[in-house]
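Every read-out reported here was derived from the displayed coordinates using simple, explicitly stated rules and does not represent laboratory data. This one's a predicted model, so the numbers in the text were calculated from it and none came from an experiment. Neighbour counts are summed over all protein chains in view; Cβ atoms, including those assigned to glycine, are modelled from backbone coordinates with ideal geometry.
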Amino acid sequence: MKKVYLQLEFMTGKVFEYSKEQQEGYVTFTSKTGKVSYRKYHQGITGELDSVSIRDTNFGQELSVALKTEDAALYLNFALKDQKDFVDSSYAEDLISKLPNMEKGHTYTINPFRFMPEGEKYDKTGVSVKQGDLKIERAFTNSYINKEGVKVDGDIPAVVWKKDATGKNKPSAASKETRSDMFVEILVAQTERLKWTSSNTTGYAAAPQTEQPTATAVSITENESLPF
């Protein structure tokens, strides 16, 4: 069975295949360090869920989702943590929240996204998961502060913002660590439940590792719609 390794382009939310050499259907990509490689982009991927795992790479841990089709094993990899060692709030948090509602052997379409809503100040990022026309919802809700400044309680603790000595509003490291630790606990439990076994079709081999940029983005909330 053909193995296809897929990465996430952080700045756009696009899924791509990586190649060191020029191939048909691939476009040239130049990293911030000037390294030239080639990418074939996809608008999401569809396949039967085979396993979910955490894997170590030269660029840190990744959350890896293995899907299978009739003729290929697909491996979609997301950066698990940001540069400050907290679980990535752009894509990983959203996907982790949906894993409890996913089952091995079921067919899903996984579509990461990043877009700027009209009239908004910040990007919206996350991972859409559908089973046919059925949207897979988060199994956990986020605590957050609404537009009226009122705290809405949820399963996942909110990041607490505080002003430093200069008056600048900054997120509390302690609250970010608490939130991140909860997502790690959820992920560990779900990777155990959805882990690869000898009866699974796919196995894992080392995937190409590509340089990924980082940026600040805002995750989409439960009540917001997607552009697809």
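Below is a table of values for the structure above.
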quantity: Relative contact order, percent, the chain [alpha-carbon distance under 8 Å, six or more residues apart]; calculated: 21
quantity: Chymotrypsin sites (Phe, Trp or Tyr not before Pro) within the stretch 1-97, DSSP loop, no more than 12 other Cβ atoms inside 10 Å; calculated: Phe59
quantity: Leading residue at positive end of dipole, the stretch 2-198 (Cβ point charges), from Phe140, Val184, Phe86; calculated: Phe86
quantity: Residue-wise HN-Hα coupling along the stretch 64-78, computed from phi with Karplus coefficients 6.51, -1.76, 1.60 (Hz; x: Gly, Pro); calculated: 10, 10, 9, 10, 10, 10, 4, 10, 8, 9, 9, 10, 9, 10, 10
quantity: Kirkwood-Stokes translational diffusion coefficient of the stretch 2-198, alpha-carbon pairs, 20 °C, 1.002 mPa s, µm²/s; calculated: 117
quantity: Ascending count of other beta-carbon atoms within 10 Å, so fewest first, for Ile136, Ile54; calculated: Ile54, Ile136
quantity: With Cα atoms, 0 to 90° folded angle of helix 173-193 axis to the chain main axis; calculated: 30
quantity: Cα centre as origin, Lys/Arg/Asp/Glu Cβ charges: the chain dipole, Debye; calculated: 500
quantity: Footprinting exposure proxy for Glu24, Glu9, Glu62 (fewest neighbouring C-beta atoms within 10 Å first); calculated: Glu24, Glu9, Glu62
